[in-house]
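Participant: Below is the structure I would like to discuss, written out as structure tokens.
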Protein chains: 2
Amino acid sequence: MKKAVVLLSGGLDSATVLAIAKSQGYECYCLSLDYHQRHVAELKAAERVANSLGAAAHRTAQLDLSMFGGSALTDNNIDVPEAPTDGIPVTYVPARNTIMLSLALAWAETLGAQDIFIGVNALDYSGYPDCRQEYVSAFQRMANLATKSAVEGKTITVHAPLIDMTKAEIIKCGHALNFDYGMTVSCYQADSEGRACGLCDSCRFRKEGFANAGLQDPTHYQSRV
Amino acid sequence: MKKAVVLLSGGLDSATVLAIAKSQGYECYCLSLDYHQRHVAELKAAERVANSLGAAAHRTAQLDLSMFGGSALTDNNIDVPEAPTDGIPVTYVPARNTIMLSLALAWAETLGAQDIFIGVNALDYSGYPDCRQEYVSAFQRMANLATKSAVEGKTITVHAPLIDMTKAEIIKCGHALNFDYGMTVSCYQADSEGRACGLCDSCRFRKEGFANAGLQDPTHYQSRV
């Protein structure tokens, strides 16, 4: 079996990607990042998802990105917006996907894996620059100049299977693979039980996705919603 | 003053880069990485160097790369070679420069800095792929697609001023800037006092560099040498 490193946040998108990678026959090594994010409940969700889908391994790297700040997800003094905002919202975390892909690259090299999966998508999303195909392609090109394995011929492919899918299409895809989205936590300000606010960007895209897919939303919401 | 993030390991090269960045008028924000490296003495050296050169700030990120292993610098079961080896040596750390540059990118964005300095060089070096100009250029290109700042026009330049210099040229450059290399630790297996083994690749390049530069080697060696 071919090994793949799958970045797993615990949210809807990366869980779907894991289900896709499994269905394509990869042995999946799941990597999560505890970056002192506000919505730490997503890390428990990642563990549930990895176990449920039979990942070969699941590791959580510890890296405190609050040392750099600059995001509502790592700085408790910046509120998570509960209505749409103009431009790239304050929930953007500087260089987060670059850092996570870099860690995936390190693990891929020591595993001898040539495939990395990431759940970015550029349709129903918040406009984060590191969720676009041109970014993913540039990362892959850089990665293939960065490592000993790559320069010795074992090149890396960064798979972003959701990149051109709407949220509804992503949900339908996971549904077709029998994945239970009730395990996932997307909310940027989920409580410690993983219950969602229902108001942030991430909740909004998720809610609309289930509605547009014509599927029941299994999200656990906070009572205030 | 323009702000720059300077990657500072505590070794000879990155210290020279900090001296260069300072001489070019940058306000320097130094970033080190405690990745559970064998030669942890280099982190104390980084602090000495940052203080001595008047860095605006110095931070050390904590990220345990021994979770991925695959290097003599993060796995105590792999010995540091004490003689030259063929190919890329086992002291190579998977994706290390990519991870460090990614962290520098995150900090640069929150600081509003558009310049990152890294002390890689591709002449008197161990053949690590992430020390070559084509790699640095590919990282910069990726970085300028990755961040909110970059897509809004504040692009990033990754400076690698040592890339085409020999070790002797690097040392002469630092010497011309009045930098005291006695503060730095290059050895891969330095003891807790920062004393060098004198035998590993890193010690060998450094020793030859001082000899070729015709300058006195201020390195503190272990008594076994």
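Participant: May I ask you to verify whether A:ILE88 is touching a helix residue (DSSP H, G or I) at 6+ places or on another chain (Cβ under 9 Å), within 12 Å of chain B (Cβ to nearest Cβ) and over 19 Å from A:GLY11 (Cα atoms)?
Facilitator: Judged against the criteria, A:ILE88 is a match.
Participant: Moving on. Restricting the search to the range A:1-20, which residues are part of a helix (DSSP H, G or I) and surrounded by 24 or more Cβ atoms within 10 Å (Cβ to Cβ)?
Facilitator: A:LEU12, A:ASP13, A:SER14, A:ALA15, A:THR16, A:VAL17, A:LEU18 - these are the residues of the range A:1-20 that are part of a helix (DSSP H, G or I) and surrounded by 24 or more Cβ atoms within 10 Å (Cβ to Cβ).
Participant: If you check A:CYS173 against the conditions, is it under 18 Å from A:ARG38 (Cα atoms) and either crowded, with 18+ Cβ neighbours inside 10 Å or at pLDDT 95 or above (or both)? Spell out the reasoning first.
Facilitator: Details: under 18 Å from A:ARG38 (Cα atoms): no; either crowded, with 18+ Cβ neighbours inside 10 Å or at pLDDT 95 or above (or both): yes.
Judged against the criteria, A:CYS173 is not a match.
Participant: Are there any pairs, at least 6 apart or on different chains, whose C-beta atoms fall under 7 Å, with the first in the range A:38-63 and farther than 16 Å from A:ASP191 by Cβ and more than 14 Å from chain B (Cβ to nearest Cβ) and the second surrounded by fewer than 18 Cβ atoms within 10 Å (Cβ to Cβ) and at pLDDT 95 or above, and if so, which?
Facilitator: Pairs found: A:ALA56/A:GLU27.
Participant: Here's something else I'd like to know. Which of the residues spanning the range B:1-60 are β-branched (Val, Ile, Thr), more than 13 Å from the chain's Cα centre (by Cα) and closer than 20 Å to B:HIS175 by Cβ?
Facilitator: B:ILE20
Participant: From the list B:ARG38, B:ARG96, B:ARG48, B:ARG59, which one is farther than 25 Å from A:ILE99 by Cβ and among the charged types (D, E, K, R)?
Facilitator: Numbers: B:ARG38 fails: farther than 25 Å from A:ILE99 by Cβ; B:ARG96 fails: farther than 25 Å from A:ILE99 by Cβ; B:ARG59 fails: farther than 25 Å from A:ILE99 by Cβ.
After ruling out the rest, the residue left standing is B:ARG48.
Participant: Can you tell me which condition A:CYS30 does not meet? The list is (1) within 14 Å of chain B (Cβ to nearest Cβ); (2) surrounded by fewer than 18 Cβ atoms within 10 Å (Cβ to Cβ); (3) touching a strand residue (DSSP E or B) at 6+ places or on another chain (Cβ under 6 Å), and all the others hold.
Facilitator: The one condition A:CYS30 does not meet is (2).
Participant: Might you check whether a residue that is at pLDDT 95 or above and of a type in the set (S, T, N, Q) occurs anywhere in the range A:151-158?
Facilitator: yes
Per-residue answers, yes or no, for (1) of a type in the set (A, V, I, L, M, F, W, C); (2) modelled with pLDDT under 95; (3) surrounded by fewer than 19 Cβ atoms within 10 Å (Cβ to Cβ); (4) under 16 Å from the mean Cα position of the chain (by Cα):
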{"residue": "A:GLY70", "(1), (2), (3), (4)": "no, yes, no, no"}
{"residue": "A:ASN77", "(1), (2), (3), (4)": "no, yes, yes, no"}
{"residue": "A:PRO89", "(1), (2), (3), (4)": "no, yes, no, no"}
{"residue": "A:TYR92", "(1), (2), (3), (4)": "no, yes, no, yes"}
{"residue": "A:MET100", "(1), (2), (3), (4)": "yes, no, no, yes"}
{"residue": "A:TRP107", "(1), (2), (3), (4)": "yes, no, no, no"}
{"residue": "A:ILE118", "(1), (2), (3), (4)": "yes, no, no, yes"}
{"residue": "A:LEU123", "(1), (2), (3), (4)": "yes, yes, yes, yes"}
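Participant: Output the number of residues of the range A:209-225 satisfying the condition of being farther than 16 Å from A:TYR188 by Cβ and modelled with pLDDT of 95 or more.
Facilitator: Total satisfying the criteria: 9.
Participant: Restricting to the range A:86-118, name every residue that is among the β-branched types (Val, Ile, Thr) and without any contact (Cβ under 8 Å) to a residue 60 or more places away in the chain.
Facilitator: Scanning the range A:86-118 gives A:ILE88, A:VAL90, A:VAL93, A:THR98, A:THR110.
Participant: Find the residue count for the range A:175-209, including only residues that are part of a helix (DSSP H, G or I), among the hydrophobic types (A, V, I, L, M, F, W, C) and farther than 28 Å from A:THR74 by Cα. Before the answer, list the steps.
Facilitator: First, pick out the residues of the range A:175-209 that are part of a helix (DSSP H, G or I): A:175-176, A:181-183, A:201-209.
This time we only want the ones that are among the hydrophobic types (A, V, I, L, M, F, W, C), so: A:176, A:183, A:203, A:205.
With the extra rule that they be farther than 28 Å from A:THR74 by Cα, the set shrinks to A:176.
Number of matching residues: 1.
Participant: Is it the case that some residue within the range B:69-83 is of a type in the set (Ser, Thr, Tyr) and either within 8 Å of chain A (Cβ to nearest Cβ) or within 27 Å of A:CYS131 (Cα to Cα) (or both)?
Facilitator: Scanning the range B:69-83 turns up no residue that is of a type in the set (Ser, Thr, Tyr) and either within 8 Å of chain A (Cβ to nearest Cβ) or within 27 Å of A:CYS131 (Cα to Cα) (or both).
Matching residues to (1) within 14 Å of another protein chain (Cβ to nearest Cβ); (2) without any contact (Cβ under 8 Å) to a residue 60 or more places away in the chain:
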{"site": "B:VAL120", "(1), (2)": "yes, no"}
{"site": "B:VAL136", "(1), (2)": "yes, yes"}
{"site": "B:ALA143", "(1), (2)": "yes, yes"}
{"site": "B:GLY153", "(1), (2)": "yes, yes"}
{"site": "B:MET165", "(1), (2)": "no, yes"}
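The values are calculated or read from the model by the stated rules, or taken from the named source; none is laboratory data. Treat the numbers as computed from the prediction; the structure is a model and nothing was measured. FYI the Cβ positions are ideal-geometry reconstructions off the backbone, even for glycines, and counts take in every protein chain you see.
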